[in-house]
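The values are calculated or read from the model by the stated rules, or taken from the named source; none is laboratory data. Bear in mind the structure is a predicted one, so any value in this text is a computation, not a measurement. Every residue, glycine among them, receives a Cβ derived from its backbone with ideal geometry; neighbour counts consider all protein chains shown.
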Amino acid sequence: MAGAEFFGRLTRWILRWLTTTNHKDIGILYMVTSVYFFFIAGVLALLFRTQLAMPASEFLTGKAYYEAVTVHGLIMLLWFASPFAAGLANYFVPLQIGARDLAFPRLNALSYWLYLASGILVILGFLAEAGAIDVGWTMYAPLTSKDFTPSPGVDLAVLGVALLSLSVTISTINFLVTIATMRAPGLSWFKLPMFTWSIIFTMILMLYAFPPLMVGAAILWIDRNIGTEFFSSPAGGALLWDHLFWFFGHPEVYILLFPALGAIADIVSTFARRPLYAKRYILTAFFLATILSFLVWMHHMFVTGTNLYTRLFYSFTTILISIPFEMATVSLILTLYKGKIRFTIPMLFALAAIFHFILGGSTGVYLGSIALDKGFRGTYWVVAHFHYILVGTMLFGFFAALYYWFPKITGKMYNKKLALLHFILATIGVNLTFFPQFIIFDMPRRYFTYDVPEWLTFNQLSTLGSYIFGLSMIVALITIVHGLLRGSPAPENPWRAWTLEWLTKSPPPPENFEGVPVVTNDGRVVFVSEEVAEKSSRSELVSGKLAGVQPLTGASHAAPSHSHAHSHPVSIDPFILGVGSLLALFGLVVNKFILAAGIAVLAWGLYRWLRDELNDRFHAEIPKYLETWPFPRSKLRNGMWVFIASEVMVFGSILSAYFFIRFNPVGKVLEEPWPPGYMIHDVGIGIINTMIMFTSTLSFAMAYLGVRKGDNILAQLGMIGTIFLGSLFLIVKYFEWKELFAAGYGLDWGLATQTYFLATGVHGLHVALGLLLTTYTLFKLYAGRLGPQRSEEVLMVAIYWGIVEIVWTFIFPLFYLV
Amino acid sequence: MVEVLSTDAIWWSLFTMFTAAGLILAGTVTLIFLYLIYRYRVKGSEDKDELEPGRIYVETPAKGSSRLLLVFTGIIVLSLIVATFDETIYLERTPSEEAFVIWVTGFQFGWQFDYNVDGETITTIGAVVVPSDTVIEFKVTSRDVFHTFGFAEFKVKIDALPGIVNSMWIKTPEEPGEVYKAYCYELCGIGHSLMVADMIVVDKNEFFQAYEAGPQEFRNFINQVISEYRASLQGAP
């Protein structure tokens, strides 16, 4: 019977990880998965470094080399670096702000499962007969078109990127709402630890950078499979991809860097025993870099031959963006002044990261000059520069964070000697790999073979370095496993650090803290019981003079309370939706039956999700004692506005693509001139549909009023009206499209109709989603779940209809009238 | 006629300027960093300090001198870039109206070069012959995917995009005889590494003599130079 018992325990263990919604579990899942992807991408790097150690080597074929290079880049950037930071953020942001969990725990689990599914999609490409994606992680058009790379590996990667973007967008909503509305009493914005601050900026960057990538990937997919020619058109298609991709691509660099820099800031300050020097400078720097990062993307396009003065502007902004980072670096360094520096392992990694950052940063300044970029573009100088940033700085920052928080996550201490060996090998490895690449900066990137004898030695040094680095990763793995199995128990606060995550057990209990952490006016942290927190006003709490305040060293750990709001309900639905997305997208590329199965699983998961939603299983109000200034005390409302920002970027990207193609004549002149909208489309029908759209929104506004006043008849009428009008809109649209195809204005007519189908198609999808939401709201009304107190949920749907309507008011004139 | 500076000379002067400024700035910061690490290190494993857990420490306020440091380094970095604007504009525009024009077309996987001789097009693939001591303008495009045309030695490159003609210039050296490699700098498919072409510099007078003698003469001249060069490669051990 021992076997059965073991099996039972195994099943429970697996189920626990599949159904968890606790932010610490999700954080561990993110970290473990991303490290797994890291090793895959790392082995690929060793493969192509081996190839380059010999001239005219035949270790890898050209095809295999480019698959390795491409998947290495994609996985490292999108499926290792950001998700690892997301793992750290998942685990530590709620702890650092004194919250119980993220604002939307179930959405958080969904983010994770979508992320895992998207990564598997990319890796599955290796199983395809024509191999995995091999067009470079930048996926430059028109090489990605079906004519040049027919492999389904490309489709899988493109869909993977789109799915990942969705997962990221869900995460951004979750984190921004959490940090905005769930901070411990007294923990004002300025007092937030640097790591949490870096996550705020990262999430803002992700929120605006990923939707263009998602739109780019979606367009690329329809280009490849439905026959549009957005990116393959000789009328500037290649440049359109460049713009969309780098609008995402440059902020992505800071998305990768910020979390590491934030962790480094906390670590340096902890081990120098000094509060951060001029934190307000660092925050200002991060803020400026966040804004500027959206104004520098064309420095990746300095040799595309676009307008000189535009490029000079971008050259200027690019150099400008080096200043905030210089501010941040100087502040980090001056934190050491008058400190008492302790050279622990995290500190060693953090200090080494700052060294690498100075080198990697200053070699990047060269690339901001258009004249110098003419020499450097596409060479190993660029490779060396960004690897000093990404490996030397970001990865070292991650190592620092890993060793810093290892005792907190696992409750064990790691072996210092092993960790020191990891540090030494990693530092030698990184510098030996990437410094020689500065010296052979004449060598073009992504060459699997070369016949210039001077490049050989440096390539061999570089390869040797990469082996040493690979070895250091094995040492790291051993250190971690050894620490988990044999480590001595870790105290609550081994580093005598002063951020909130250290004021609870190692590892923290599911509820994170015993009681509610409160930061008093004089800067102390005290814990009060929830009953007291609920009854007291904010000023009473932060005065620190309440009775019943617990000492904080954890001497007395009362049994955790199990109130409804705090227990962690589990849910398998995020996992089901993840499996469904994986099946559906894999099936989309490979096989119709798998696609159908995937859609069925998705529908089932969605049904279960909404059923839980209807029963309020995951409903939790924000306790009134938490800090929310200056945002409203409502998860839904804040979440909606963040979501709207991402929607603005989605439609902004689509409309920008339209403007770029239509009004920016670069490249070959289109064979057919672009006809004005009224020549192709029936303006009368367009006006009728516009009226229907407006009326449906009005109708939903009526429903909202009805719910608020408790008038169920009015509410029902409004919702049914909206469903009727929304469906009517889609039906009219269907016949409009049918007419166009019949009249020869189908997809093959040209870019004029393709942009129209894209914009109205995506808008139509939004209408369909609105119909789904409205139908669900109607159900909720019938189930008696809505009332004047719960009218906010209806307001959110009303706002959603508002967006759909506003988007239409842009689409109608742009596509029908001009 | 105004003396035309070579593209690589301009590039190296800028590179030197950036490196000097970088060494001074980054070097100073690094030295301060090292000094602070050394000066404020703690040797024992445990020591007491006044910062205790259980309090929130926000920041150490900035002093005036550090602000000055920031402003100062900011000005240096910004002036660096503004100082390169002139050179950038110079590099962008072909400096001589008498530049010799060669059309370049990238394809998977090679470079095609076209000369226009009296209205007739002379085409070579994989190798191009150019006169010494002359400003050459390359008009670059692509037949299929995104390529980037450039020379490592001349420190210039330009994207070769389908449907778009971009322009790039170099000034060839005064002495003939050298052979330069043109590379592709953007991943364009599995043969990307093989997209290398030879640029053979011949004597200016010989070149233009053949050029003015008409299309037939010029074609023979070009073919002869290229085949001689290729034969010399095979003859080499």
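Residue pairs whose Cβ atoms lie under 7 Å apart, sitting 6 or more positions apart in sequence or on different chains, and linking a residue in region A:598-615 that is of a type in the set (A, V, I, L, M, F, W, C) to a partner that is not in a helix (DSSP H, G or I), are A:LEU614/A:ALA783; A:LEU614/A:ARG785.
Does at least one position in region A:278-301 carry a residue that is over 20 Å from A:THR202 (Cα atoms), of a type in the set (D, E, K, R) and touching a residue at least 40 places away in the same chain (Cβ under 8 Å)? The answer is no; no qualifying residue exists. Of the residues A:LEU758, A:LEU786, the single one that is crowded, with 17+ Cβ neighbours inside 10 Å, in contact with a Ser or Thr (Cβ under 8 Å, 6 or more places away or on another chain) and either charged (D, E, K, R) or not in a helix (DSSP H, G or I) (or both) is A:LEU786.
Every condition in (1) free of Cβ contacts under 8 Å to residues at least 60 places away in the same chain; (2) polar (S, T, N, Q); (3) more than 9 Å from every other protein chain (Cβ to nearest Cβ); (4) more than 26 Å from B:ILE24 (Cβ to Cβ) holds for B:THR60 except the one numbered (3).
Let's see how each residue does on (1) in the same structural domain as B:THR172 (by TED's automatic domain parsing); (2) farther than 30 Å from A:GLU492 by Cα; (3) modelled with pLDDT of 95 or more:
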site: B:PHE18; (1), (2), (3): no, yes, no
site: B:GLY22; (1), (2), (3): no, yes, no
site: B:THR30; (1), (2), (3): no, yes, yes
site: B:LEU34; (1), (2), (3): no, yes, yes
site: B:ILE37; (1), (2), (3): no, no, yes
site: B:ASP47; (1), (2), (3): no, no, no
site: B:VAL58; (1), (2), (3): no, no, no
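Beta carbons closer than 6 Å, at least 6 apart along the sequence or on distinct chains, never pair a first residue in region B:111-123 that is outside the structural domain of B:GLU186 (by TED's automatic domain parsing) with a second that is at pLDDT 95 or above and not in a strand (DSSP E or B).
What's the total number of residues in region B:185-203 that are modelled with pLDDT of 95 or more, more than 7 Å from chain A (Cβ to nearest Cβ) and not in a loop (DSSP other than H, G, I, E, B)? Residues flagged as modelled with pLDDT of 95 or more, more than 7 Å from chain A (Cβ to nearest Cβ) and not in a loop (DSSP other than H, G, I, E, B) within region B:185-203 amount to 6. Being touching a helix residue (DSSP H, G or I) at 6+ places or on another chain (Cβ under 8 Å), surrounded by 24 or more Cβ atoms within 10 Å (Cβ to Cβ) and either within 14 Å of chain B (Cβ to nearest Cβ) or of a type outside the set (Val, Ile, Thr) (or both): is that true of A:ALA162 here? No, not satisfied. Once region B:142-159 is narrowed to residues that are assigned to a strand (DSSP E or B), facing chain A (nearest Cβ under 7 Å) and not acidic (Asp, Glu), the residue that is nearest to B:SER132 (Cα to Cα) is B:VAL156.
The set of residues from region A:507-542 being in a helix (DSSP H, G or I) and surrounded by fewer than 18 Cβ atoms within 10 Å (Cβ to Cβ) comprises A:GLU530, A:GLU531, A:GLU534, A:LYS535, A:ARG538, A:SER539, A:GLU540. Here region A:77-87 is the region considered, the condition is being in contact (Cβ under 8 Å) with a residue 60 or more places away in the chain and touching a Phe, Trp or Tyr at 6+ places or on another chain (Cβ under 7 Å), and the residue that is surrounded by the fewest Cβ atoms within 10 Å (Cβ to Cβ) is A:LEU77. The numbered conditions (1) away from every other protein chain (no Cβ under 14 Å); (2) of a type outside the set (Gly, Ala, Ser); (3) farther than 30 Å from A:ILE26 by Cβ; (4) in a helix (DSSP H, G or I) are all true for A:ILE170 except (3). For the list (1) surrounded by fewer than 24 Cβ atoms within 10 Å (Cβ to Cβ); (2) in a strand (DSSP E or B); (3) at the interface with another protein chain (Cβ under 7 Å from one of its Cβ atoms), I need the number of the one condition that B:TYR180 fails. Among (1) surrounded by fewer than 24 Cβ atoms within 10 Å (Cβ to Cβ); (2) in a strand (DSSP E or B); (3) at the interface with another protein chain (Cβ under 7 Å from one of its Cβ atoms), the lone unmet condition for B:TYR180 is (3). Residues in region B:160-177 that are more than 7 Å from chain A (Cβ to nearest Cβ) and of a type in the set (A, V, I, L, M, F, W, C): B:ALA160, B:VAL165, B:MET168, B:TRP169, B:ILE170. Checking region A:261-281 against the condition returns no match, with no residue being more than 14 Å from chain B (Cβ to nearest Cβ), surrounded by fewer than 23 Cβ atoms within 10 Å (Cβ to Cβ) and part of a helix (DSSP H, G or I).
Cβ-Cβ contacts under 8 Å between residues 6 or more apart (or on different chains), taken from a first residue in region B:155-172 that is free of Cβ contacts under 8 Å to residues at least 40 places away in the same chain to a second residue that is in a loop (DSSP other than H, G, I, E, B) and aromatic (Phe, Trp, Tyr), are listed as B:LYS157/B:TYR185; B:ASP159/B:PHE146; B:LEU161/B:PHE146; B:PRO162/B:PHE146.
Restricting attention to region A:465-494, report how many residues are without any contact (Cβ under 8 Å) to a residue 40 or more places away in the chain, in a helix (DSSP H, G or I) and not β-branched (Val, Ile, Thr).
3
Only a single criterion out of (1) closer than 27 Å to A:MET443 by Cα; (2) of a type outside the set (A, V, I, L, M); (3) buried (at least 17 other Cβ atoms within 10 Å of the Cβ); (4) touching a Ser or Thr at 6+ places or on another chain (Cβ under 8 Å) is not satisfied by B:GLY163, namely (1).
You will find that of A:SER198, A:SER188, the residue that is within 30 Å of A:THR520 (Cβ to Cβ), among the hydroxyl-bearing types (Ser, Thr, Tyr) and out of contact with any helix residue (DSSP H, G or I) (no Cβ under 8 Å at 6 or more places or on another chain) is A:SER188 and no other. Checked against (1) under 19 Å from A:PRO275 (Cα atoms); (2) of a type in the set (Ser, Thr, Tyr); (3) more than 9 Å from chain A (Cβ to nearest Cβ), B:SER13 passes all but condition (1).
The condition (being outside any loop (DSSP other than H, G, I, E, B) and within 20 Å of A:ILE341 (Cα to Cα)) is satisfied by just one residue among B:LEU78, B:LEU91, B:LEU68, B:LEU31: B:LEU31.
From the list A:LEU116, A:LEU124, A:LEU88, exactly one residue is under 20 Å from the mean Cα position of the chain (by Cα) and closer than 17 Å to A:LEU164 by Cβ. Which is it? Before you say what the answer is, go through the steps one by one.
Numbers: A:LEU124 fails: under 20 Å from the mean Cα position of the chain (by Cα); A:LEU88 fails: closer than 17 Å to A:LEU164 by Cβ.
Residue meeting the stated conditions: A:LEU116.
Evaluating B:ALA21 against the criteria (1) within 49 Å of the chain's Cα centre (by Cα); (2) at the interface with chain A (Cβ under 7 Å from one of its Cβ atoms); (3) buried (at least 16 other Cβ atoms within 10 Å of the Cβ) leaves one unmet condition, (2). Selection within region A:295-311: residues that are out of contact with any helix residue (DSSP H, G or I) (no Cβ under 6 Å at 6 or more places or on another chain) and assigned to a helix (DSSP H, G or I). The member of this set that is farthest from the other protein chains (Cβ to nearest Cβ) is A:THR310. If you go through region A:130-147 one residue at a time, do you hit one that is assigned to a helix (DSSP H, G or I), in contact with a helix residue (DSSP H, G or I) (Cβ under 6 Å, 6 or more places away or on another chain) and among the aromatic types (Phe, Trp, Tyr)? Checked region A:130-147: no residue is assigned to a helix (DSSP H, G or I), in contact with a helix residue (DSSP H, G or I) (Cβ under 6 Å, 6 or more places away or on another chain) and among the aromatic types (Phe, Trp, Tyr).
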